[in-house]
Amino acid sequence: MKIRVDPDKCQGHARCYDLARELFDVDDYGQSSVIVDQVPAELEDNARLAIANCPEYAIEIISE
Ligand code: SF4
């Protein structure tokens, strides 16, 4: 699985970061980014949780 954060949608709530620190980082401006190229299989549930909890629908699955 590959995921990305749409920088135009992200509003910096950092929920993704709180839910899955292994997958996301947030910069000083609150912009989130994905820090892994490929989501490890054991973290796919965390990725889906972050996707479901992003209020801006900013996290996208690029490939399953
Ligand atoms: S939860 Fe969504 S809007 Fe908030 S920092 Fe993460 S990607 Fe951005």
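Derivation of every value follows stated rules applied to the coordinates shown; laboratory data play no part. Since the model is a prediction, treat every value here as computed from it, not as a measurement. Here the Cβ positions follow ideal geometry from the backbone for every residue, glycine too, while neighbour counts run over all protein chains shown.
If one takes the longest principal axis of the Cα atoms in the chain, at what angle in degrees, from 0 to 90 and to the nearest 10, does the Cα axis of helix 44-53 lie? Taking Cα atoms only, the helix is inclined about 30 degrees. Under the criterion of Cα pairs below 8 Å and six or more residues apart, the relative contact order for region 2-63 equals 47 percent.
Sequence-ordered 3J(HN,Hα) estimates for region 12-28 from the Karplus curve with 6.51, -1.76 and 1.60 and θ = phi - 60° stand at x, 6, 6, 5, 4, 5, 5, 8, 8, 5, 6, 10, 10, 9, 10, 7, 5 Hz, glycine and proline given as x.
Annotation: for a label point projected 7 angstrom from Cα along Cα→Cβ of R48, residues of region 1-15 with backbone N closer than 18 Å are 1-4. Of the chymotrypsin sites (Phe, Trp or Tyr not before Pro) found in region 1-47, those that fall in a DSSP loop while having at most 14 other beta-carbon atoms within 10 Å are Y29.
Would you mind calculating the gained length between A14 and E56 on full extension (0.36 nm times residue separation, minus the Cα-Cα distance), in nm to one decimal?
Here the answer is 14.0 nm.
Taking the charge dipole of the chain about its Cα centre, with +1 at Lys and Arg Cβ atoms and -1 at Asp and Glu Cβ atoms, the residue from I51, V26, I3 reaching farthest to the positive side is I51.
Might you report the magnitude of the Cβ-based charge dipole of the chain about its Cα centre, with Lys and Arg at +1 and Asp and Glu at -1, to the nearest 20 debye?
120
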